[in-house]
1. Considering only residues of region 154-178 that are modelled with pLDDT of 85 or more and in a loop (DSSP other than H, G, I, E, B), which is farthest from residue 16 (Cα to Cα)?
2. Can you spot a residue in region 55-76 that is open to solvent by 10 Å² or more (accessible area, probe 1.4 Å), on the phi < 0 side of the Ramachandran plot, at pLDDT below 85 and within 17 Å of the chain's Cα centre (by Cα)?
3. Being open to solvent by 50 Å² or more (accessible area, probe 1.4 Å), among the charged types (D, E, K, R) and not in a helix (DSSP H, G or I), is that true of even one residue in region 126-139?
4. Return yes or no: is residue 114 part of a helix (DSSP H, G or I), at pLDDT below 85 and acidic (Asp, Glu)?
5. Please specify each residue of region 160-179 satisfying the condition of being free of Cβ contacts under 8 Å to residues at least 12 places away in the same chain and either surrounded by 15 or more Cβ atoms within 10 Å (Cβ to Cβ) or under 19 Å from residue 35 (Cβ atoms) (or both).
6. Using the structure shown, decide if residue 92 is closer than 18 Å to residue 16 by Cα and within 12 Å of the chain's Cα centre (by Cα).
7. Between 151, 186, 202, 182, which is more than 18 Å from the chain's Cα centre (by Cα) and either modelled with pLDDT under 90 or open to solvent by 50 Å² or more (accessible area, probe 1.4 Å) (or both)?
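The values are calculated or read from the model by the stated rules, or taken from the named source; none is laboratory data. Please read all numbers here as calculations on a predicted model, not as lab measurements. Note: ideal-geometry Cβ built from the backbone for every residue, glycine included; neighbour counts use all protein chains shown. To get the accessible areas, we keep the full protein, side chains included, count just its heavy atoms, and leave off ligands, DNA and RNA. Shrake-Rupley method; radii C 1.70, N 1.55, O 1.52, S 1.80 Å.
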Amino acid sequence: MHHNHNHTLNHNNKQRTLIVIILTILTMGAEIIYGYATNSIGLLADGYHMGTHAFALGITYGAYLLAEHLNSANSKIETLAGYTSAIFLTLSGVWIIIEALHRLFNPLTIDFNEAITVAVIGLAINSICILIMGKGQGTDYNFQAAYYHILADAVTSVFAIIALLSGKFYNIIYLDPVAGILGGLLILSWSYKLIYKSFFVLTDLKPQ
């Protein structure tokens, strides 16, 4: 009975992940194109961040397919995928911080109107994805990793919008890279928690 419950839960998580992957890829392309066109680090950060998430979500989806093929709903395959996905989440957070620091000391002219429009669209897509996925349940770290990737996208979108509005109406240009730095730090905190929890599951060790 417990095995069937896990199998059904994993199947549902797999389907939701696939839908989110498609939406993420479409939004990623739009944000990267307009991020370069408008010179917005916040928008570029959001776009590239979604690119790493699309790849990480692919790992999540692939893990579910492999677990189904091996007919093992309780396998550590999903946890390993979640651990790997969390590592990519860490790398994306580091990249955002580095790029934001570069833009902080080397500011570019930003096309605020266009950047704000695309950032709002990105946030809307991210919000839809969060509703589709719901919060990761129990110890399915694979799905939790996917959820954190999407949540990180939404948060960086919010930071980008706030920074862009501040730049447009109050000429506070430095808030755009500052938003990138804050977003990157928040992402790093989430990835650390996920890596920490999944590591002990994979190694069968107990947290100190």
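1. Among those that are modelled with pLDDT of 85 or more and in a loop (DSSP other than H, G, I, E, B), it is 171.
2. yes
3. yes
4. It is true that residue 114 is part of a helix (DSSP H, G or I), at pLDDT below 85 and acidic (Asp, Glu).
5. 166
6. no
7. 202
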